[in-house]
Amino acid sequence: MNKLQGKVAIVTGAARGLGRAYALRLAGLGAKVAVSDLNLKSYAEFEAEAKAMTADSTTDEILAMGGEAIGIETDVTDEAAVQAMVNRVVQTWGRVDILVANAGGGRGRPMDTKASTLDSGLLHLVTEMNLYGTVYCVNAVAPVMKEQRSGRIVTVSSIAGLGPSPDGGYAHYGAAKAAIAHYTRYLAQDLGPFGINANCIAPGVITTGRIMATVVPGSINANRDRSEQMALRRLGSVEDCAKVVEFLVTDLSDYVSGQVIAIDGGMVRSG
Ligand SMILES: NC(=O)c1ccc[n+]([C@@H]2O[C@H](COP(=O)([O-])OP(=O)(O)OC[C@H]3O[C@@H](n4cnc5c(N)ncnc54)[C@H](O)[C@@H]3O)[C@@H](O)[C@H]2O)c1
């Protein structure tokens, strides 16, 4: 099961949550993994994330399982820093085969971020973290992948980017994530002739430490079991998403590009 032996992967936002799960899975498949995050110990912010750690960082976890990894602290909203991060990966391992542009997320509360009353500071921040961060990472890896004439890019949207919330809240995040999904369709057209596949995943409600501590308790559905909204009657796990990333970065998806794949258990987003 060393499908990714010899491959080099970059996962952004990999210090905790979904990004950590992607990094561990790719390392488990034999890839050398650059674990990139604004804060390589961000797991400390949430008790459940800290508890899940088996070593001091995602990088150390990969090294402990016999894999190869480097940790690079990078803010994806800083274009020069992203370029420096990718340069370091290329200097270390000579190539980049996989980018999982996972860093991102929302800020503010749904009730304060309705579509018609968006604060411009929050709109800028969330668009930068998500859309700009994704574009900067792609800009930095694309020349390397083009030269190799191969590569896999996975971007990260959200169900919030596929359809609106029932009350119009969290519009800045939804708009940024919708932009990532559509950007990825353009990306697939641009890079396809170079043998590079680009696809986007749109997770639903995934039980990361952050989601369970902050989003689920504060949501408009806080007083009811969110799993009722899912056809599969359960919330998602980080592994549910990591399995789809595995599909998108291995030969199983050789002829798949420009797609946006929801990983939401068949969720219906109604009040
Ligand atoms: N958890 C969910 O249910 C869910 C659902 C839909 C989409 N997503 C998306 O999946 C991705 C990961 O979500 P998560 O729940 O694991 O989030 P999380 O907040 O638990 O982890 C995000 C990681 O990204 C890092 N990060 C934040 N800003 C950064 C920046 N500017 N530069 C570099 N790193 C930065 C953080 O330090 C953190 O380690 C995000 O893009 C999020 O929007 C998550």
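The values are calculated or read from the model by the stated rules, or taken from the named source; none is laboratory data. All figures in this text were calculated on a predicted structure; none of them were measured in a lab. Using ideal geometry, Cβ is built from the backbone for each residue, glycine included, and neighbour counts are taken over all protein chains shown.
T58 satisfies every condition listed in (1) more than 12 Å from the ligand (Cβ to nearest atom); (2) more than 22 Å from N139 (Cα to Cα); (3) touching a Leu at 6+ places or on another chain (Cβ under 8 Å) except (1).
Table: residues versus (1) near the ligand (Cβ under 10 Å from one of its atoms); (2) among the acidic types (D, E); (3) in contact (Cβ under 8 Å) with a residue 60 or more places away in the chain.
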position	(1), (2), (3)
E47	no, yes, yes
T77	yes, no, no
V82	yes, no, no
R88	no, no, no
G105	yes, no, yes
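For the range 237-255, the condition of being of a type outside the set (D, E), modelled with pLDDT of 95 or more and in a strand (DSSP E or B) holds for none of the residues. Note on the range 140-165: residues that are touching a residue at least 24 places away in the same chain (Cβ under 8 Å) and within 15 Å of N197 (Cα to Cα) amount to 14.
For G236, are the conditions met, namely being farther than 17 Å from T155 by Cα, crowded, with 20+ Cβ neighbours inside 10 Å and within 16 Å of the ligand (Cβ to nearest atom)? Against the criterion (farther than 17 Å from T155 by Cα, crowded, with 20+ Cβ neighbours inside 10 Å and within 16 Å of the ligand (Cβ to nearest atom)), G236 qualifies.
Count of the range 22-41 residues, restricted to those that are under 15 Å from the mean Cα position of the chain (by Cα) and surrounded by 20 or more Cβ atoms within 10 Å (Cβ to Cβ), is 10. Taking the stated definitions as given, is G121 in a helix (DSSP H, G or I) and out of contact with any His (no Cβ under 7 Å at 6 or more places or on another chain)? So G121 passes the test.
Which residue is modelled with the lowest pLDDT, if the candidates are limited to the range 156-166 and must be within 15 Å of the ligand (Cβ to nearest atom) and in a loop (DSSP other than H, G, I, E, B)? Taking the candidates together, the pick is S165. Sort out which residues of the range 167-207 are crowded, with 18+ Cβ neighbours inside 10 Å, more than 9 Å from the ligand (Cβ to nearest atom) and not in a helix (DSSP H, G or I), and write them in order of number. Of everything in the range 167-207, those that are crowded, with 18+ Cβ neighbours inside 10 Å, more than 9 Å from the ligand (Cβ to nearest atom) and not in a helix (DSSP H, G or I) turn out to be G169, Y170, I196, N197, A198, N199, C200.
Identify all residues within the range 139-158 that are over 13 Å from the mean Cα position of the chain (by Cα) and surrounded by 19 or more Cβ atoms within 10 Å (Cβ to Cβ); write none if there are none. Correct list: A140, V141, A142, V144, M145, G151, R152. Between a residue in the range 13-33 that is within 23 Å of A213 (Cα to Cα) and any residue that is among the basic types (K, R), which pairs come within a Cβ distance under 7 Å, given they are 6 or more apart or on different chains? Within 7 Å, the pairs are A14/R20; A15/K41; G17/R210. Could you tell me whether the range 80-100 includes any residue that is crowded, with 19+ Cβ neighbours inside 10 Å, within 17 Å of the chain's Cα centre (by Cα) and either among the acidic types (D, E) or over 23 Å from P143 (Cβ atoms) (or both)? Yes, the range 80-100 has at least one match. The residues listed here are A23, A64; of these, the one that is under 13 Å from N102 (Cα atoms) and more than 10 Å from the ligand (Cβ to nearest atom) is A23. For the range 26-45, name all the residues that are within 15 Å of the ligand (Cβ to nearest atom) and in a loop (DSSP other than H, G, I, E, B). Listed by number, the residues that qualify are L38, N39, L40, K41. Among the residues of the range 167-199, those that are more than 17 Å from S116 (Cβ to Cβ) and either modelled with pLDDT under 95 or among the basic types (K, R) (or both) comprise K177, R185.
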